[in-house]
């Protein structure tokens, strides 16, 4: 096995020295690389892929082969390689799962074609998540959550504390038993959608962020733009919390588009203060009311167009 590792790395090193490999050299490398790779250890595979991720002229079959490997091995190649064309990136994102798609999102540059495909893939993953899955997750979180000490120590003779306890229990019950027609139970951020939103926030690309947000909400671009035009950040914070975005990612997004929310009061930023004051269920309800109003405004026009031209 160690001999195979040595031969694999020697083959990779030899290929790296070729600034502009010919067709015959590319074909020869492809014929040598894949069987050597299959016979080598994972450590040698990682080293080989890390080296090849910096080479701009990897043969197409080898590039696809590497990109299809488990994410623990293929990640550097998916993130950095210039040998992966748009068609290959889209195919890998569609066939290899969320981890591969998230790695592709981290590439330094993505074409509009790839971005559109990733948005659609993220939307289809989010839409396919059953309501029962979200409910089961919420139920498990409540059941396994540590019981606050103040609830355990509530004196039974204290009416105000008893009422407070009832309200806490009602809140927990609402989180577990959401109504079956809760539309947003099907409208949670997928991994790809979240990664795209974070990427666009990092690049301060408000146009792409707005388009991805509209797609996530299954709403018009007008609604997404209206949310972002609220410079207080409250509407975007409400949206991100209602969609279930990770708190640290949501804070990063808010501070990316509204730099004044980075200012701190004590130990927390203004973005954290806004986000932590929001109730997740209330945020979901607010988003749904926005979506209903948006559908009343835009869907009838779309339907008329379909009748006229369909």
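So residue 47 ticks every box in (1) more than 30 Å from residue 121 (Cα to Cα); (2) more than 28 Å from the chain's Cα centre (by Cα) but one. Which box is left unticked?
Result: residue 47 passes all but (2).
Looking at region 42-49, is at least one residue farther than 25 Å from residue 209 by Cα, assigned by TED's automatic domain parsing to the domain that holds residue 26, touching a helix residue (DSSP H, G or I) at 6+ places or on another chain (Cβ under 7 Å) and not in a helix (DSSP H, G or I)?
Looking through region 42-49, none of the residues is farther than 25 Å from residue 209 by Cα, assigned by TED's automatic domain parsing to the domain that holds residue 26, touching a helix residue (DSSP H, G or I) at 6+ places or on another chain (Cβ under 7 Å) and not in a helix (DSSP H, G or I).
Which residues, counting only those in region 85-112, are outside any helix (DSSP H, G or I) and either in contact with a strand residue (DSSP E or B) (Cβ under 6 Å, 6 or more places away or on another chain) or closer than 12 Å to residue 196 by Cα (or both)?
Hits for region 85-112 are 106, 107, 110.
Determine whether residue 202 is surrounded by fewer than 16 Cβ atoms within 10 Å (Cβ to Cβ), closer than 23 Å to residue 106 by Cα, in contact with a helix residue (DSSP H, G or I) (Cβ under 8 Å, 6 or more places away or on another chain) and at pLDDT 90 or above.
The answer is yes for residue 202.
Taking the criterion of being buried (at least 20 other Cβ atoms within 10 Å of the Cβ), touching a residue at least 40 places away in the same chain (Cβ under 8 Å) and in the same structural domain as residue 30 (by TED's automatic domain parsing), would at least one residue in region 64-84 satisfy it?
No: region 64-84 contains no residue that is buried (at least 20 other Cβ atoms within 10 Å of the Cβ), touching a residue at least 40 places away in the same chain (Cβ under 8 Å) and in the same structural domain as residue 30 (by TED's automatic domain parsing).
So which of 236, 213 is over 19 Å from residue 121 (Cα atoms), part of a helix (DSSP H, G or I) and either modelled with pLDDT of 90 or more or in the same structural domain as residue 100 (by TED's automatic domain parsing) (or both)?
Within the list 236, 213, the selection yields 236.
Select from region 289-310 the residues that are modelled with pLDDT of 50 or more and exposed (fewer than 15 other Cβ atoms within 10 Å of the Cβ) and list them in ascending order. Reasoning before the result, please.
Residues of region 289-310 modelled with pLDDT of 50 or more: 289-299.
289, 292, 293, 296, 297, 299 - these are the residues of region 289-310 that are modelled with pLDDT of 50 or more and exposed (fewer than 15 other Cβ atoms within 10 Å of the Cβ).
Name the residues in region 272-294 that are in a helix (DSSP H, G or I), touching a helix residue (DSSP H, G or I) at 6+ places or on another chain (Cβ under 7 Å) and within 11 Å of residue 242 (Cβ to Cβ), would you? Spell out the reasoning first.
First, the residues of region 272-294 that are in a helix (DSSP H, G or I): 272-277, 280-294.
Adding the requirement that they be touching a helix residue (DSSP H, G or I) at 6+ places or on another chain (Cβ under 7 Å) leaves 272, 274-275, 280-281, 283-284, 286-288, 290-291, 294.
Of everything in region 272-294, those that are in a helix (DSSP H, G or I), touching a helix residue (DSSP H, G or I) at 6+ places or on another chain (Cβ under 7 Å) and within 11 Å of residue 242 (Cβ to Cβ) turn out to be 280, 281, 283, 284, 286, 287, 288, 290, 291.
The values are calculated or read from the model by the stated rules, or taken from the named source; none is laboratory data. Just so it is clear, the model here is predicted, and its values are computed rather than measured. Because the Cβ atoms are built from the backbone with ideal geometry, glycine has one as well, and the counts that use them run over all protein chains shown.
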